[in-house]
Every structure is written in structure tokens, then in C-alpha cells.
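Student: Have a look at the structure that comes next, please.
The values are calculated or read from the model by the stated rules, or taken from the named source; none is laboratory data. Please read all numbers here as calculations on a predicted model, not as lab measurements. As a convention, Cβ positions derive from the backbone with ideal geometry for all residues, glycine included, and neighbour counts pool all protein chains shown. Surface accessibility is based on the protein's heavy atoms, side chains included, excluding ligands, DNA and RNA. Shrake-Rupley method; radii C 1.70, N 1.55, O 1.52, S 1.80 Å.
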Amino acid sequence: MKILKIELKNINSLKSDSPIVIDFESEQFKDVGLYAITGSTGAGKTTVLDAITIALYHSVPRFKGTKGTLTNVVSYGATEAFSRVTFENEDIIYEAYWGIRLASSTGKKLMNPQEEVSLKNLTSNTIMTSQKRALIVDIIRVT
């Protein structure tokens with residue numbers, strides 16, 4: 001599996017009005033075979049890794065054994081967040097997506113946050129699933 005692009009919005013310390021995009025297919029990363037995630041404390045290194053695992057598996061490994069949930073990764077004060085990972089495996093390109101809304105369009109806090117997930121086969125332009133359990137099974141199958 002090769003990660004081609006990571007897009008995220010309002011995950012942990014990386015709060016923003018527009019999506020943050022790390023595009024490994026861009027000229028900036030061309031001919032680079034190995035990447036290092038570096039930076040000072042609070043710069044967002046762990047957030048990038050969280051974004052990957054959230055989009056693919058709807059979990060944050062460092063929360064294991066704690067009461068942490070995916071609502072805990074939403075940036076403070078944000079009402080919505082998402083993570084999207086585009087990846088390639090066996091010459092097929094996929095897109096895994098997770099999004100959450102904590103408030104209505106009027107700003108009223110939702111009692112039950114609304115989550116949305118999907119796995120798309122971008123090569124054939126088909127949605128494989130939009131159900132959380134099925135998505136994880138399909139991710140395992142395609143990777």
C-alpha cells in the first residue's frame with residue numbers, strides 16, 4: 001500500500017478553516033522514497049498519523065485502553081472534522097474518508113455526533129461502502 005494523499009480538517013492541533021493537504025504526488029515530493037515527520041512539540045506530527053488511522057480504521061491507536069473517542073480528536077472549538085486518505089494498492093487507487101459533525105448548521109450542539117464514512121475505488125469510480133463496519137472489512141481486504 002502506498003499513501004498518495006492525506007487531507008484533514010480540524011483534527012487535534014491542526015485546526016483550520018480549509019483542509020490541510022499533504023500530496024505525495026506533487027512536485028515537492030517527486031523522487032522522494034522515504035519521508036520523515038519532524039517538528040517541534042505540538043506541530044501536528046501525531047495528528048498526521050492519527051488522520052491516517054482514523055480514515056482507514058476509525059480508531060486512534062494511542063486511545064486504546066482509554067475512554068478516548070473520535071470526538072476527542074476534533075480540534076477545540078470546531079464543530080466538524082474530517083480525514084481523507086488516498087492510497088494505491090496493486091495498481092488500484094482508493095479513497096478512505098471519515099467525517100464528523102458535532103453541531104447543526106445553526107450551531108446547536110448535536111446530542112449524537114453525525115459520522116460519515118466511505119471507501120471509494122477511484123480507479124473504477126465506484127463507492128465500495130459507506131458503512132463503518134463494512135469499510136474496515138473492505139480496507140483489510142484491499143490492503
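Student: Pull up all non-local amide H partners of residue 11: gap of 5 or more, or a different chain, and H-to-H distance under 5 Å with H placed in the peptide plane.
Tutor: 75
Student: If you don't mind, there's one more thing I want to ask. 222 nm [θ] for the chain, helices only, -39500 (n - 2.57) per DSSP H run of 4+, per residue, to 500?
Tutor: Value at 222 nm, helices only: -5000 deg cm²/dmol.
Student: Let me ask another. For a quick check: with amide H placed at 1.01 Å from N, whose amide H comes under 5 Å from residue 4's, ignoring anything fewer than 5 positions away on the same chain?
Tutor: For residue 4, whose amide H was placed from the backbone, the distant partners under 5 Å are 86, 87, 88.
Student: Working with all protein chains in place, sort 53, 123 by solvent-accessible area computed with a 1.4 Å probe, largest first.
Tutor: The ordering from most to least exposed comes out as 123, 53.
Student: Another question about this same structure. Roughly how much of residue 140 is accessible, in Å² to the nearest 10, using a 1.4 Å probe?
Tutor: Rounded to the nearest 10, the figure is 110 Å².
Student: How charged is the neighbourhood of residue 92? Take every other residue with its Cβ under 14 Å from the Cβ of residue 92, and add Lys/Arg as +1 and Asp/Glu as -1.
Tutor: Taking every other residue near residue 92 into account, the sum is -2.
Student: With θ set to phi - 60° and the Karplus curve 6.51 cos²θ - 1.76 cosθ + 1.60, what are the ³J(HN,Hα) couplings of the range 42-48 in order, to the nearest whole Hz, using x for Gly and Pro?
Tutor: x, 6, x, 4, 5, 4, 4
Student: Also: What's the Kirkwood radius of the range 1-84 in Å, using all Cα pairs?
Tutor: 13.7 Å
Student: Name the residues whose placed amide hydrogens come within less than 5 Å of the amide hydrogen of residue 129, ignoring near sequence neighbours (fewer than 5 apart) on the same chain.
Tutor: For residue 129, the qualifying residues are 119.
Student: Leaving out ligands, DNA and RNA, what percent of the accessible area of the chain is carbon and sulfur, probe 1.4 Å?
Tutor: Roughly 51 percent of what the probe reaches on the chain is carbon or sulfur.
Student: How many Å² of accessible area per residue for the chain, probe 1.4 Å?
Tutor: Per-residue accessible area for the chain comes out at 63 Å².
Student: Related question: In terms of the Cα gyration tensor, with a ≥ b ≥ c the square roots of its eigenvalues, is the range 55-109 rounded because a/c is under 1.5, prolate because a/b exceeds b/c, or oblate?
Tutor: oblate
Student: Got a sec? What order do 105, 16 fall in by accessible area at 1.4 Å, biggest, i.e. largest, first?
Tutor: 105, 16
Student: Report the chymotrypsin sites (Phe, Trp or Tyr not before Pro) located in the range 1-90 that are in a DSSP loop and have at most 12 other Cβ atoms inside 10 Å of their Cβ, or state none.
Tutor: Sites meeting the loop and neighbour criteria: 35, 76.
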